[in-house]
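**Student:** Got a structure for you, questions after.
Please treat every number below as a calculation from the coordinates, not as lab data. These numbers come from a predicted model, not from an experiment. Please note: Cβ atoms are built from the backbone with ideal geometry, for glycine as well, and neighbour counts cover all protein chains shown.
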Amino acid sequence: MEKQKAREAALADGLRAKAFGITPENVDEVIEKRSHLLKSVLPAFSQLCQTTFQIEPKEMLQVLWDLWLPLGIKLASQRQQLERPLIQGILGGQGTGKTTMSKVLSLILDQLGYRTVSLSLDDLYKTYSDRLVLTQQDPRLIWRGPPGTHDVDLGLNVLDQIRQLQNPVMVPRFDKSAFGGAGDRTTSEMVTNVDIVLFEGWFVGVRPINANIFDTAPPPIVTDEDRAFARDMNHRLHDYLRLWERLDSLIVLYPTDYRCSLEWRKQAEQQMIAAGKSGMSNAEIEQFVNYFWRSLHPELFIKPLVKDATVVDMVIEIHADHSFGQVSCGLIRNS
């Protein structure tokens, strides 16, 4: 009876079944494989939930079964088909769950026998001293994050070394707490025999758009100065295209409403303050988030991207309560 329920559930959502390659012919085999993997991954997953996410494992079991396990199996299969390491891009804004997903996928892939390394776009920031120079050149770059604040060549170098099976590889790491929160490079991590890179970030894979679109851009791009800034950031995206070319696949974590990221940021800051750490006020958060929306507005950059199946391989919808919705190959319905 349980097996029959699992069969029906796996095939009930046609788009998700298609995204994970589940058919009526292979569904029994898929469930069998996923069940075995669930048993082997559960002890480490439970520990991760309690120590890192500080949440009861049972609250995450359904998403583990429905999303993370099949996604881990899919990535392992993609890696098997390549003669070299897989570079998997993960695009998602603030609070979409990029880091959580990377941690869980690493754990699943480890159980499947694949050595996984997470690389964040944040790890590629220019050094503190280089960003001081950058701010003098362009005072609008008041925060790290927008296009232009990263060392693209550093990213290319790391990904190419991994793709070419070089050993060991020094993976850059960034300490956001350095220099009073301005952040700086910290000790690189030495890795060997990498099979899969999970390369995540808030604009990983994002392409430049037609500059004329900024003439009628949505808020907070309202003044001539805002539009000039947005155009300049759009132009700087060209420098990142070489990096995106290294991606074998791109997954987008796509909020049903991009404005959710503002609320998610507020919740995160409130939790930090409640835990006795320093956090931003709501006014500071709005200023911060609006700055990023002015640089690369989700409606202008992410919404068109998820409709482009030539660029995006999988879209995972994220609801306001952080639960996931539709999972589809490339194209989202009704968007």
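**Student:** Mind pulling the angle between the C-alpha long axis of helix 69-81 and the longest principal axis of the chain? Nearest 10 degrees, somewhere in 0 to 90.
**Tutor:** 90
**Student:** Let me know the shape class of the range 132-210, please: from the alpha-carbon gyration tensor, a ≥ b ≥ c as square roots of the eigenvalues, rounded when a/c is under 1.5, otherwise prolate if a/b is greater than b/c, or oblate. Numbers along the way, then the final one.
**Tutor:** Values: a/c = 2.47, a/b = 1.49, b/c = 1.66.
It is oblate, given that a/c is not under 1.5 and a/b is not larger than b/c.
**Student:** Let me ask another. Using a Cα-Cα cut-off of under 30 Å, which lysines could be cross-linked to Lys176, ignoring same-chain neighbours fewer than 8 residues away?
**Tutor:** Filter leaves Lys98, Lys103, Lys126, Lys266, Lys277, Lys303.
**Student:** With the cut-off at 1.5 for a/c, could you classify the range 115-159 from its C-alpha gyration tensor as rounded, prolate or oblate? Don't skip to the answer; put the middle values down first.
**Tutor:** Working: a/c = 3.03, a/b = 2.37, b/c = 1.28.
Cα axes put the range 115-159 in the prolate bin.
**Student:** Mind running the shape call on the range 21-169? Use the C-alpha gyration tensor, a ≥ b ≥ c as the square roots of the eigenvalues: rounded below 1.5 for a/c, prolate if a/b tops b/c, oblate otherwise. Before the final figure, lay out the partial values.
**Tutor:** Values: a/c = 2.60, a/b = 1.76, b/c = 1.48.
It is prolate, given that a/c is not under 1.5 and a/b is the larger ratio.
**Student:** Rounded to the nearest 10 degrees, what's the angle between the helix 98-111 long axis and the longest principal axis of the chain, both from Cα atoms, 0 to 90?
**Tutor:** 40
**Student:** How much of the pair distance distribution for the range 190-288 lies past 16 Å, counting alpha-carbon pairs only, in percent? List each step's numbers first, then the result.
**Tutor:** Values: 3516 of 4851 pairs.
When all Cα pairs of the range 190-288 are counted, 72 percent exceed 16 Å.
**Student:** Here's a follow-up. Rounded to the nearest 5, what % of DSSP beta bridges with both residues in the chain are antiparallel? Before the final figure, lay out the partial values.
**Tutor:** Numbers: 10 of 31 bridges.
Just about 30 percent of them are antiparallel.
**Student:** Hey, got the Cα dimensions of the range 1-108 along the principal axes, in Å, largest first?
**Tutor:** Largest to smallest, the principal-axis extents are 37, 37, 26 Å.
**Student:** Continuing with this model, one more query. Order these peptides, 268-278, 189-199, 40-50, by their mean beta-carbon neighbour count within 10 angstrom, highest first. Write out the running numbers ahead of the final one.
**Tutor:** Values: 268-278: 11.5, 189-199: 19.4, 40-50: 15.6.
In descending order of packing, they fall as 189-199, 40-50, 268-278.
**Student:** What does the charge add up to near Asn234, with Lys and Arg as +1, Asp and Glu as -1, over the other residues with Cβ less than 11 Å from its Cβ? It would help to have the intermediate numbers written out before the result.
**Tutor:** Numbers: positive: Arg207, Arg227, Arg231, Arg236; negative: Asp232.
Net charge in that neighbourhood comes out at +3.
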